[in-house]
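Okay, so here's the structure we're looking at.
Each value in this text was obtained by applying a stated rule to the coordinates, not by laboratory testing. Given the structure is predicted, the values throughout are model-derived calculations rather than measurements. Cβ placement follows ideal geometry from the backbone for every residue including glycine, while neighbour counts extend to all protein chains displayed.
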Amino acid sequence: MLLPVMLFKKIYCFLIAHSYFVVKILRAVITTFIILVLSFFMVRASGNPAEIYLGDNATPKMVEYFNKKWGLDEPLYVQFLTYFSSVISGDMGDSLIKNRPVSEIITERIPATLSLMVPAAAISMFLGIILGMIAALHHKKITDGGILLASIIGFSLPNFFFGVILIYFFSVVLGLLPSSGNDSFRHYIMPLIAIITADVAVFTRFTRAALIDIFEKHYITNFRALGIKEKRILFLQALPNASIALLTISGFYIGSLVAGAIVTETIFSWPGLGSLLIASVKARDMPLVQGLILLFGISIVAANLIIDFLYGVIDPRIRKRAS
Amino acid sequence: MIFLKKYPLLFLLALGVLVLFTVVAFLPTPHDYNHQDLLKRFVPPFFKDGSDFLYPLGTDHLGRDMLSRIMAGIKISYFIALSGTFVGAVIGTLLGFTAVRFRGIVDEIIMGMVDTQASLPFIIIAIALLSVIESSFLVIVVLLGVAGWEKYARLTRGLSLSAVTHGYARAVSSLGASQGRILFIHILPNISSALIVNMTLNFPGTMIAESSLSFLGLGIQPPLVSLGRLLGEGRVYLLTAWWVTVFPGIVIFISTLAMTIIGDWVRDRIGTE
């Protein structure tokens, strides 16, 4: 008799003690659910499926058969539950145009996107932090101003325009680099440059701002008064503290990375998920659009959840404030 | 941004460029921007051989005057960026006030929406919606507004919560003013500077978002033109006629650069984050 009560109490205490993580997980679950609901209604709102599949010449009998076959005559919540369970099992229907399972088409395209995005993100982060550090160390000097101006220019240069310019110079005028596809190492150069230019600017600005902010704190002044070298302060004191601000940016960055992927892949005809999304939207291939939106949405939610967890681990203060 | 504080010249230059673009855009266009003349296809700009002085920036694949198209594009792109930013600010501020006024569960729901919105990139939401709704001028403006509301909501909520405890808000409250009156008549003017800073900082982002969508062919639809659309259309002819792509691109770049510089300057001047 006592056991369930004790168990309940234990679980309750565990949840309270880890309320920061519990809240974050709950938020992620809710967001995922919202994405699922939206993607479900997205296809419903785009028109009557029977009309889209069968065309205008369908007889009422055909429509009835079609609705029965796909469960469209069921109440909406039953349809949603069916949809929900099939998504969980990885079945996202068939593409209207390619006549193949959506999950299969998407899986084929994942490596191309990841092989472009992961190096782009890593290089941008690395370069951005280094440049931001240099700017912060030379605060109010000409180096700082130069880096700042360059980052403003990088931020304002829309990646679709920059990509087109790159293609014009390197593919059209000089004939050095291929402008589309992902067959060799040379194909990666221009898309990488296009993404990195914009993203380095973002990381530089934030690293610089975070570091300058920290350099004004009393504990840094204290270290300076003790005669500790500036570089030592930077690496051992300021940078670890700035990492919290950087983590926040990384959360927003994942979203902009996805956005950048969609545009950059379209410009360079990169056979990845982003160009697939645009192509399927234009072709009105709703099951494929639905699958891709789900994939993008859920991976962003998952990435943000990981970042929130890292927050809690790096900075215990945040955990306490939340609970 | 001490760099810009030292050199307000840069700010004046940026402002000048924006004003210049706007004024030029509102001059009468030399041609109708949709007038096609197939005999005048791909006329190069004025500094190249074979140019036509009637078409100083050349023509596109249908013989349409690029200068007229860019002028029309600036008008629409600027207007969308402005109204999109404004719509976002209004929605966000109203929701922020609603959260402060009612607190409790309303507050939780609104902040939950803020978190959800912040975690999903604009372009994903936009593509999901545009795959269902036919794109139009109004849809794009609302979409851009909805994309930006979350920052204003967060800002308004945070600032109002602290403002409510200030002396002036308490004084009006003890005089019997309603919550809504305090928020709109007394607190709004006090937090407006922060909201304006956020608007100027958001402006270039809104412009780039619109251009990206139009570039992808999901934004402004013909016969209307926006700068992003011009760029997207001209991209196919990069090999034969670079000017069709490059001129609109330069206008977008210079505009967003100028807006960013102005935004940074305004933030430093007003000094709020």
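The angle between the Cα long axis of helix A:102-137 and the main principal axis of chain A comes to about 20°, on a 0 to 90 degree scale.
What order, most packed first, do the peptides A:132-142, B:242-252 have when packing is the mean number of other Cβ atoms within 10 Å of each residue?
Going by the mean number of other Cβ atoms within 10 Å, highest first, we get B:242-252, A:132-142.
If you average the sequence gap of Cα pairs under 8 Å that are 6 or more apart and divide by the length of segment A:102-322, what percent do you get for the contact order? Dividing the mean separation by the residue count of segment A:102-322 yields 27 percent.
Per residue of peptide A:161-167, the mean number of Cβ atoms on other chains within 10 Å of the residue Cβ is 6. What shape does segment B:74-272 have by the C-alpha gyration tensor, where a ≥ b ≥ c are the square roots of the eigenvalues, rounded means a/c under 1.5, and otherwise prolate means a/b greater than b/c and oblate the rest? Because a/c hits 1.5 or more and a/b exceeds b/c, segment B:74-272 counts as prolate. Classify chain A as rounded, prolate or oblate, taking a ≥ b ≥ c as the square roots of the eigenvalues of its Cα gyration tensor: rounded when a/c is under 1.5, otherwise prolate if a/b is larger than b/c and oblate if not. In terms of gyration-tensor shape, oblate. Database remark: amide H of A:Trp270 closer than 5 angstrom to the amide H of A:Gly181 (H placed geometrically; neighbours at sequence offset of 5 or more, or on other chains; Pro and chain starts carry no H). Using the Cβ-Cβ distance between B:Phe137 and B:Phe102 with R0 set to 45 Å, the FRET efficiency from 1/(1 + (r/R0)^6) comes to roughly 0.85. Other protein chain C-beta atoms within 10 Å of residue C-beta, averaged over A:258-267: 4.
Cβ under 12 Å from A:Leu3's Cβ, A:Leu3 left aside: what net charge do those residues give with Lys, Arg +1 and Asp, Glu -1? For residues surrounding A:Leu3, the net value is +2. Legend: mean number of C-beta atoms from other chains within 10 angstrom of residue C-beta atoms, peptide A:133-141, equals 1.
Taking θ as phi - 60°, what are the ³J(HN,Hα) couplings along segment A:292-304 by the Karplus curve (6.51, -1.76, 1.60), each to the nearest whole Hz, with x for Gly and Pro? Running phi through 6.51 cos²θ - 1.76 cosθ + 1.60 with θ = phi - 60° gives 5, 4, 4, 4, 4, x, 5, 5, 5, 4, 5, 4, 5 Hz.
Suppose R0 equals 56 Å; then what is the FRET efficiency for A:Asp213 and A:Leu72 from their Cβ-Cβ distance, rounded to the nearest 0.05? Computed FRET efficiency for A:Asp213 and A:Leu72: 0.50. If you take the Cα centroid of segment B:106-152 and the Cα centroid of segment B:201-252, the two points sit 22 Å apart. Amide H to amide H distances under 5 Å link A:Asp94 with A:Val102, where only residues 5 or more positions off or on other chains count and H is placed in the peptide plane. In sequence order, segment A:246-254 has phi-based couplings of 5, 5, 4, 4, 4, x, 5, 5, 4 Hz under the Karplus curve 6.51 cos²θ - 1.76 cosθ + 1.60, θ = phi - 60°, and Gly or Pro positions carry x.
Just to verify a number: FRET efficiency for B:Phe86 and B:Asp268, C-beta to C-beta distance, R0 = 25 Å, to 0.05?
About 0.65, to the nearest 0.05.
The mean sequence distance of close C-alpha pairs (under 8 Å, at least 6 residues apart), as a share of the length of chain B, puts its relative contact order at 24 percent.
3J(HN,Hα) couplings calculated from phi for segment B:114-125 with the Karplus curve 6.51 cos²θ - 1.76 cosθ + 1.60 (θ = phi - 60°) are, in sequence order, 4, 4, 4, 4, 5, 7, 9, x, 3, 5, 5, 4 Hz; Gly and Pro show x.
Near the amide H of B:Thr59, within less than 5 Å, lie the amide hydrogens of B:Phe42, B:Val43, B:Met66, all on another chain or at least 5 residues away, with H placed in the peptide plane.
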